[in-house]
Each structure stands twice: as structure tokens, then as C-alpha cells.
Amino acid sequence: MGTGKEIVSADGLCKVIDLETGQRFQVQRRAGSRHADVQPLTRNDTMILKASGHLPQTLARAEPEELVGYFLTSLNEHDEHTLRMTTSGEASLPEALLYVKSIKRPKEIAPAAAEGLSFVAISVPVDYVAQTGRDKSGHWLFLLHRRAPWERWQIVHVEME
């Protein structure tokens, strides 16, 4: 068996088949050297991941930069359910997020700047379109937290710059 790089190239597309349900969906490889970190391509592909029951497990195992990627994908797809799953119940989210019509994120999100074992900050360059139709660019800063090393990461704050 080859490594993640050998099986699916960076940004490569492939089809995933859930052997339990028979559901099929398209994904794109985002990262991983000895495995393939992938993310669903379309809203329909995300609904299949949710329907398979694997979304909570996927988010629970996500590294901070992967979780931010899921957040941005969910925001772009206007998938409020998955968006809420990436954050804590007390997350401080800017009201302006409600007015994002679409968003383009980088292919890879830089690894988190560690601030101890329980907090990380990630700055992500984004291009987005507001509901007004106006194109905007900026760096969004995500603060993630976990209570213990064995618990999942959660987004607790987002700053739109």
C-alpha cells in the first residue's frame, strides 16, 4: 500500500465509497503525507458525509487547520449545521459572517501557531463576496481551544480583518 501522496496527488480528486451504506461522494485531497486528508467537494457530497454518520467523527479527529477548512467550506455552502459543529457553544463569531455570500480559501491552510497545549491561533488569507456583491479580501484569525489533549478542537473566536 502506498502513501497518501502516491495514491492521491495534492489537490487531487477521488471518489470515496462508504462500504457500509454504499454512498459515493467526491473528495479533494488537502494534506497528509502518509495518509490523505480529504474534504467533500460539493454541498451534496457534504450531505452524504453527514448522512453516513461519519461527520461528527471526522470533525472530532480534525487537526486545527483541518477544522478551519471545514468551517470555511461550511460557510461557503451555507451549511449552518456543520458550521455550528466546528465551533463551541460560546464561540465569538462576527455578525458579518452572516452576510458572506461565497468564499475562496487557500488550497492549504498553514499549520497552527501553538499557544500551549489547549489554544492555537490560525491566520487564513481569504477572498470573499458579501451579500452586497462586493468582493473583499483579508486575513481571518481563528482561535481554537480544547480542554485536554485527548478532546476535540473547537473554534472559539473568529476575527475578520
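The values are calculated or read from the model by the stated rules, or taken from the named source; none is laboratory data. On a predicted model such as this, the values are computed, not experimentally measured, just so you know. Cβ coordinates were reconstructed from backbone atoms using ideal geometry, including for glycine residues, and neighbour counts include every protein chain displayed. Areas reflect the complete protein model, heavy atoms only, side chains present, ligands, DNA and RNA absent. Shrake-Rupley method; radii C 1.70, N 1.55, O 1.52, S 1.80 Å.
Here are some notes:
- Region 51-158 - accessible surface per residue (Å², probe 1.4 Å): 55 Å²
- Every Cα-Cα pair in region 50-161 was counted, and those over 24 Å apart are 21% of them.
- Loop-resident trypsin sites (Lys or Arg not before Pro) (DSSP state other than H, G, I, E or B) in region 94-150 with no more than 14 further Cβ atoms inside 10 Å of their Cβ: LYS107, ARG134, ARG147.
- Mean projected area in nm² (Cα convex hull; one quarter of hull surface) for region 67-131: 4.7 nm²
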